[in-house]
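The values are calculated or read from the model by the stated rules, or taken from the named source; none is laboratory data. As the structure is a computational prediction, the values presented were derived from the model and not from experiment. Counting neighbours? That spans all protein chains shown, and the Cβs are built from the backbone with ideal geometry, glycine included.
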């Protein structure tokens, strides 16, 4: 085990997979000469050369399409989006090409590629650069989606994504890149897609979440523990495929759940989780499932309004007490 | 909109009620909260209050007739409001017709001919087809988990009061109801005092205890009973009763042997808390207070009024409470909180000439004493046959909670206290 930042863990994953498999290559804006906007591809141009680490024009639809084409003919491209906000420009290639190709080619043409970059709001980047894009990707059958919250999960999930034969989006977080944690240094360490992880154990209430919100949930759980309430924090890690068994297991134990995400509430990931709980865990529920999300508005630039708009540990604590009938 | 007066669940186990008396007649004006009828439940005669303002327009269930909980038994409406949907035609629907036949209840879901012919069907009326008994004029709100737990335990939700938002019944309400008996409809100081966590201790079940519970339940049924019998020499207890009664005579009070038995049982339970317990299914609840249920025969049944904190009360007070509650029990006037929440029970059939018997445990309690009569019996003492006043006590134990040796130790203490009543003071 080594202590790495989330950023270094991703870099290790890329280097190890490029080393292991010649068909893996990286493309995106400033990934080569500049080492990536967030330095995730640091040193890779020098190590693997400009055929495998490719700077592209500012043209998300174009280079994403290039990636899809390369994957169709046998390469394993890793497309970096400077942020997933910009990938909205490329959604036609993601949804209409990458996600549907296997289906439309009667199973003959797979698209083994990875889309990666940060999702969610950082700090004061304005409405257009501060949104969680999970729902855009999770909505369409054919794309897998993972959201690592820790350095170990970042490395293990990115490696699993590169090895997977379907298109996989790996959504990171700008505020996560400097988070440190223990990471196994085994070259074949992977975190399988579709397996959730219990980040904290408790039997009173289930906080189910993904991505950076795992840290907000853990902070809330710490506050609740001071009041004698033990929260189970379930990090989904993978939104497609989804670990439904883990969700049902925690709710069967606690009988109450709160979903935390930094996306919009309307038709959000949490809405999907609530639907599953209604269908499969109805008789286990002692309270309606609540969601803590970004407010249903474009992100304000004003610092205080931004803080108010985002989910916070305080709001998670409040929701947990509500489902516990403890307020 | 007319207010339907429904047969309400006035006792925890009530399924139907008999209208003893209408206190308002058709045509009387009523306001919400007015007592409009006396209803006899399975346990007591209770008062039914109006839950709407207006005129009592229609009585659908006559005095003496019964109706299932939830059924409409009368209608309150404005003086000129259309109530034809309830099958009311001018001057018809007199209550007398319905007297002793089947419940003549107009179920709103099955419109009578009159309603079917009415041009304006009551489409705005909320469907009541499968609604549970009306409480506060609406359906019972309970979380899905609470409903499942109640169904598993055979608990009637209409007898449980909800602590969640808008009175929603949630898991903790079911847990309270299962361990302490269902709560009274009105707030009462006694049951709330019972809910204090300091009053009991929940012991988690050891693997051995779980195995004992499972195996013995498989063997005998839901409550695995076993029975322990002792003979008690009641000579000293009879003397104690005489001297206490001599003291009480000028106050016009007296005690019975049964009062002494209640007091001795409570004192013995205090020393053997393992017997003063409830079986919760996944835990054993051991109580720090002793509430003795005393079985009282009433016409067509029995009921167990409770002497609370019997270990801390004088015999005269216990006697007074038992006689007062037994009197009201026979008149069916006991409130639910007066007969739910015992930690242990006593059934005494001595006065009926019963020598010995076994009593059936009242779950979730773990034990009950069956007291036989005091009889002059030849007994061998020091090689001599002498005549003694003997009484036989059989204790029924829930083997999931109480083992043979535990019950035997409790009975030994009880015998010691009855054979030497002074021991209760030690």
*Out of the stretch B:42-86, which residues are on the phi > 0 side of the Ramachandran plot and either in contact (Cβ under 8 Å) with a residue 60 or more places away in the chain or surrounded by 20 or more Cβ atoms within 10 Å (Cβ to Cβ) (or both)?*
B:70
*How many residues does the stretch A:233-259 hold that are part of a loop (DSSP other than H, G, I, E, B) and within 14 Å of chain B (Cβ to nearest Cβ)?*
2
_residue B:84, sole failed condition from (1) modelled with pLDDT under 80; (2) in contact with a helix residue (DSSP H, G or I) (Cβ under 8 Å, 6 or more places away or on another chain); (3) closer than 28 Å to residue B:329 by Cα_ = (3)
*Where residues in the stretch B:157-174 are within 11 Å of chain A (Cβ to nearest Cβ) and touching a residue at least 24 places away in the same chain (Cβ under 8 Å), which of them is surrounded by the fewest Cβ atoms within 10 Å (Cβ to Cβ)?*
B:168
*May I ask you to list the residues in the stretch B:284-313 that are modelled with pLDDT of 90 or more and either surrounded by fewer than 18 Cβ atoms within 10 Å (Cβ to Cβ) or at positive phi (or both)?*
B:288, B:309, B:312
*Which of the residues spanning the stretch A:20-52 are in contact (Cβ under 8 Å) with a residue 40 or more places away in the chain and outside any loop (DSSP other than H, G, I, E, B)?*
A:20, A:24, A:25, A:26, A:27, A:28
*asked:* For the structure I just gave you, tell me whether residue B:248 is buried (at least 22 other Cβ atoms within 10 Å of the Cβ), in a helix (DSSP H, G or I) and out of contact with any strand residue (DSSP E or B) (no Cβ under 6 Å at 6 or more places or on another chain).
replied: no
*What number of residues in the stretch A:272-305 are crowded, with 19+ Cβ neighbours inside 10 Å and away from chain B (no Cβ under 14 Å)?*
6
_One residue is enough: does the stretch A:188-197 have a residue meeting the conditions surrounded by 20 or more Cβ atoms within 10 Å (Cβ to Cβ) and not in a loop (DSSP other than H, G, I, E, B)?_
no
*Residues in the stretch B:237-259: is at least one within 26 Å of residue B:401 (Cβ to Cβ) and assigned by TED's automatic domain parsing to the domain that holds residue B:348?*
yes
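Rundown of residues vs (1) under 19 Å from residue A:243 (Cβ atoms); (2) out of contact with any strand residue (DSSP E or B) (no Cβ under 6 Å at 6 or more places or on another chain), yes/no style:
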residue: A:118; (1), (2): no, no
residue: A:125; (1), (2): no, yes
residue: A:133; (1), (2): no, no
residue: A:139; (1), (2): yes, yes
residue: A:153; (1), (2): yes, yes
residue: A:158; (1), (2): yes, no
residue: A:164; (1), (2): yes, yes
residue: A:168; (1), (2): yes, no
*asked:* I'd like to know if the stretch A:244-254 contains one or more residues that are crowded, with 20+ Cβ neighbours inside 10 Å, within 24 Å of residue B:164 (Cα to Cα), in the same structural domain as residue A:208 (by TED's automatic domain parsing) and in contact with a helix residue (DSSP H, G or I) (Cβ under 6 Å, 6 or more places away or on another chain).
replied: yes
*residue A:225 fails exactly one of the following numbered conditions: (1) within 23 Å of the chain's Cα centre (by Cα); (2) more than 14 Å from chain B (Cβ to nearest Cβ). What is the number of that condition?*
(1)
*asked:* Checking the conditions here, which among A:98, A:132, A:169 is closer than 21 Å to residue A:82 by Cα, outside the structural domain of residue A:210 (by TED's automatic domain parsing), more than 17 Å from the chain's Cα centre (by Cα) and crowded, with 20+ Cβ neighbours inside 10 Å?
replied: A:98
_Residue that is nearest to the other protein chains (Cβ to nearest Cβ), among those in the stretch B:144-156 that are closer than 20 Å to residue B:342 by Cβ and out of contact with any helix residue (DSSP H, G or I) (no Cβ under 7 Å at 6 or more places or on another chain)_ = B:154
*Hits in the stretch A:306-316 - residues which are buried (at least 17 other Cβ atoms within 10 Å of the Cβ) and either part of a loop (DSSP other than H, G, I, E, B) or within 14 Å of chain B (Cβ to nearest Cβ) (or both)*: A:310, A:311
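Which of the residues spanning the stretch B:347-360 are farther than 17 Å from residue B:262 by Cα and in contact (Cβ under 8 Å) with a residue 60 or more places away in the chain? Steps first, answer last, please.
We begin by selecting, within the stretch B:347-360, every residue farther than 17 Å from residue B:262 by Cα; these are B:352-358, B:360.
Result: B:356, B:358, B:360.
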_Of all residues in the stretch B:20-63 being in contact with a helix residue (DSSP H, G or I) (Cβ under 8 Å, 6 or more places away or on another chain) and assigned to a strand (DSSP E or B), the one that is nearest to residue B:299 (Cα to Cα)_ = B:22
